[in-house]
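Below is one structure; the comments refer to it alone.
The values are calculated or read from the model by the stated rules, or taken from the named source; none is laboratory data. Since we're looking at a predicted model, the values are computed, not measured. Heads up, the Cβs are rebuilt from the backbone with ideal geometry, glycines too, and the neighbour counts pull from every protein chain shown.
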């Protein structure tokens with residue numbers, strides 16, 4: 001569950017972009033950085049220890065204060081896709097509130113996609129997170145390439161309410177929609193647990209609208 | 001609730017994101033450049049940096065009167081704690097003495113994590129000291145105060161705010177860099193810890209598996225020792241009764257019956273030999289061998305060993321010889337060393353084809369050791385196998401098992417027995433030409449030898 005500080009009325013939400021190496025996780029964050037209003041997002045931080053590559057991930061904060069007074073801080077992370085970063089992947093996944101699984105939709109990548117999906121389920125469970133209850137969105141990325149699979153990842157065992165969002169992250173397409181779908185699931189989760197709408201007068205429309213404010217104009 | 005608190009979600013105070021000493025230097029150079037004091041506070045009001053410039057005399061003068069002191073402290077309090085917006089917008093605090101402070105919030109990821117204070121400075125539209133200032137003390141010297149104030153930088157409010165904004169932008173980069181470095185360092189530690197935990201877990205599993213294997217190995221050795229013993233008892237009867245029949249105790253036998261009985265006896269003997277070897281090696285592995293040390297005549301042992309194989313060697317058409325020596329008696333376990341030498345000589349006979357020869361010799365090996373060599377003109381051992389011939393159950397060529405028989409225990413037993421005596425066994429060989437085994441023993445026995453058997457690594461590894 002997200003961190004909610006009753007005193008300061010601050011809500012901290014952790015969103016993790018998970019997936020195989022080169023599936024487009026960082027590209028997603030870069031596109032969001034370009035598209036989002038600088039007023040609601042911070043710098044895109046890339047942690048990359050070049051000498052030993054133990055650590056590698058990106059982080060971008062998104063924040064706004066709702067009209068009802070609640071301050072929402074959403075942190076978007078990518079996890080390192082390379083196999084050697086298993087322990088960093090697990091650390092970054094700690095305490096996440098929602099996950100975007102970025103998948104390369106080419107047929108040739110099906111095996112690797114499945115392996116990383118299973119790897120994610122395993123690491124979620126290792127962190128005490130229930131993959132059936134956690135808000136998850138699968139992004140069907142790289143739709144602009146040849147040899148796209150026709151199914152919606154039927155081989156990834158998951159609960160039926162995990163949406164699949166098509167995207168061409170490299171062209172910035174589907175990136176906002178993916179995050180939107182995820183935050184929508186995430187909001188409902190938080191609303192059930194905290195009563196965001198009733199107790200804190202923060203309806204879903206405002207929650208989503210604040211994150212994507214002035215996006216259309218850009 | 002979360003199982004673990006992620007370091008990535010922990011809030012970090014401004015002081016932890018900056019190297020305060022070098023940041024203070026930056027503030028000093030800024031203050032020098034613009035002639036305005038700089039203060040930086042974190043979000044809880046802790047003063048991280050305080051650089052004063054130009055205002056010492058003026059403020060010090062006001063501070064002399066109790067009223068001035070009170071008002072001054074109130075101003076400082078406002079500078080420190082007046083609420084600031086969550087936006088990069090400057091605010092102003094007016095000093096009772098006519099000066100001003102410009103305040104800029106330090107924002108990071110949408111949070112106010114501190115504030116920068118520029119001042120005091122004198123706004124350029126200030127014409128004269130406020131009249132109220134004269135009331136702080138009956139002997140207030142307006143002229144003196146004004147001269148002190150002239151030492152403070154006079155600057156338009158807008159310029160001060162512009163400089164302040166510029167400074168805030170630099171601080172923003174410093175904070176971002178600091179945060180990035182902090183995260184890198186903390187996560188690095190966490191990643192290493194996580195990897196360490198994984199390795200520990202694997203080690204634990206390996207240790208468990210190793211213990212289980214060790215226990216299995218012990219059980220196997222026990223089983224072999226027990227079984228060998230149980231097998232030997234009835235076999236002794238088989239051999240004994242065959243012998244009795246051969247001697248005619250059961251009545252007269254036909255020539256055919258005698259031949260069959262002889263075969264039963266021979267095969268029984270070789271089976272007994274095999275079982276004895278297994279019993280020996282399992283005793284060694286189970287650490288149950290004890291040495292009985294006495295003074296042993298090397299010549300007697302050599303004679304004995306040669307006599308044991310002579311009948312078989314003759315049948316095979318081999319010449320077995322030994323040279324008596326004038327060596328002193330050796331302190332050792334007679335039975336074990338005799339067995340070791342018999343194993344070597346038996347091997348030599350086994351692997352030497354018809355027409356060849358086997359010779360046994362003893363010589364002094366330095367001052368305090370005796371060496372016995374067994375040389376044959378047999379098939380020899382290839383160099384790549386020389387290192388393994390002492391391993392339990394090892395035979396150079398699987399196919400030789402059928403041709404020459406044996407369980408591959410003889411040399412392992414030799415090595416273990418020799419090591420138990422603090423002795424050695426070495427082998428030299430040329431394929432097709434022959435092999436020489438050399439055992440070397442200390443003349444004087446030393447220490448608790450039975451322990452050496454227990455600790456013998458080769459056998460334990462077998």
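Looking at segment B:143-190 only, could you name the residues that are farther than 30 Å from residue B:13 by Cβ and in a helix (DSSP H, G or I)?
B:143, B:144, B:145, B:146, B:147, B:148, B:149, B:157, B:158, B:159
For segment B:32-50, state whether one or more residues are closer than 22 Å to residue B:124 by Cβ and without any contact (Cβ under 8 Å) to a residue 40 or more places away in the chain.
Yes.
Run down B:140, B:121 and say which single residue is in a strand (DSSP E or B), more than 30 Å from residue A:74 (Cα to Cα) and either within 14 Å of another protein chain (Cβ to nearest Cβ) or in contact (Cβ under 8 Å) with a residue 12 or more places away in the chain (or both).
It is B:121.
Residue B:252: loosely packed, with under 10 Cβ neighbours inside 10 Å, assigned to a helix (DSSP H, G or I) and away from chain A (no Cβ under 14 Å), yes or no?
no
Can we say residue A:130 is free of Cβ contacts under 8 Å to residues at least 24 places away in the same chain, under 25 Å from residue A:177 (Cα atoms) and within 14 Å of chain B (Cβ to nearest Cβ)?
yes
For segment B:186-209, give me each residue that is at the interface with chain A (Cβ under 9 Å from one of its Cβ atoms) and either more than 30 Å from residue B:106 (Cα to Cα) or surrounded by fewer than 16 Cβ atoms within 10 Å (Cβ to Cβ) (or both).
Matches in segment B:186-209: B:191, B:192, B:193, B:194, B:195, B:197, B:198.
Mind listing just one residue for me: the one in segment B:61-73 that is in contact (Cβ under 8 Å) with a residue 12 or more places away in the chain and assigned to a helix (DSSP H, G or I) and, of those, surrounded by the most Cβ atoms within 10 Å (Cβ to Cβ)?
Of everything passing the filter in segment B:61-73, B:62 is surrounded by the most Cβ atoms within 10 Å (Cβ to Cβ).
Go through the residues of segment A:38-49 one by one and say whether even a single one is surrounded by fewer than 23 Cβ atoms within 10 Å (Cβ to Cβ) and more than 10 Å from chain B (Cβ to nearest Cβ).
yes
Within segment B:148-170, does at least one residue satisfy the condition of being out of contact with any helix residue (DSSP H, G or I) (no Cβ under 7 Å at 6 or more places or on another chain), closer than 30 Å to residue A:57 by Cβ and within 14 Å of another protein chain (Cβ to nearest Cβ)?
Scanning segment B:148-170 turns up at least one residue that is out of contact with any helix residue (DSSP H, G or I) (no Cβ under 7 Å at 6 or more places or on another chain), closer than 30 Å to residue A:57 by Cβ and within 14 Å of another protein chain (Cβ to nearest Cβ).
Take the residues in segment A:60-113 that are part of a loop (DSSP other than H, G, I, E, B) and more than 19 Å from the chain's Cα centre (by Cα), then tell me which one is surrounded by the most Cβ atoms within 10 Å (Cβ to Cβ).
A:70
Might you check whether a residue that is farther than 14 Å from residue A:72 by Cβ and outside any helix (DSSP H, G or I) occurs anywhere in segment A:196-206?
Within segment A:196-206, none of the residues are farther than 14 Å from residue A:72 by Cβ and outside any helix (DSSP H, G or I).
Do we find that residue B:361 is at pLDDT 85 or above, surrounded by fewer than 22 Cβ atoms within 10 Å (Cβ to Cβ), in contact with a strand residue (DSSP E or B) (Cβ under 9 Å, 6 or more places away or on another chain) and assigned to a helix (DSSP H, G or I) in this structure?
no
Which condition number does residue B:218 fail, the rest of (1) closer than 30 Å to residue B:99 by Cβ; (2) away from every other protein chain (no Cβ under 13 Å) being met?
Failing condition for residue B:218: (1).
How many residues does segment A:133-150 hold that are in a loop (DSSP other than H, G, I, E, B) and away from chain B (no Cβ under 14 Å)?
Total meeting the criteria: 9.
Every residue in segment B:176-185 that is facing another protein chain (nearest Cβ under 10 Å) and touching a residue at least 40 places away in the same chain (Cβ under 8 Å), please.
B:176, B:179, B:183
For segment B:9-42, name all the residues that are outside any helix (DSSP H, G or I) and under 46 Å from the mean Cα position of the chain (by Cα).
B:10, B:11, B:12, B:13, B:18, B:19, B:42
Check whether at least one residue in segment B:323-335 is farther than 22 Å from residue B:424 by Cα, in contact with a helix residue (DSSP H, G or I) (Cβ under 9 Å, 6 or more places away or on another chain) and assigned to a helix (DSSP H, G or I), and report yes or no.
no
Assuming residue A:116 fulfils every condition listed in (1) assigned to a loop (DSSP other than H, G, I, E, B); (2) more than 25 Å from residue A:190 (Cβ to Cβ); (3) in contact (Cβ under 8 Å) with a residue 60 or more places away in the chain apart from one, which condition is it?
The number of the failed condition is (1).
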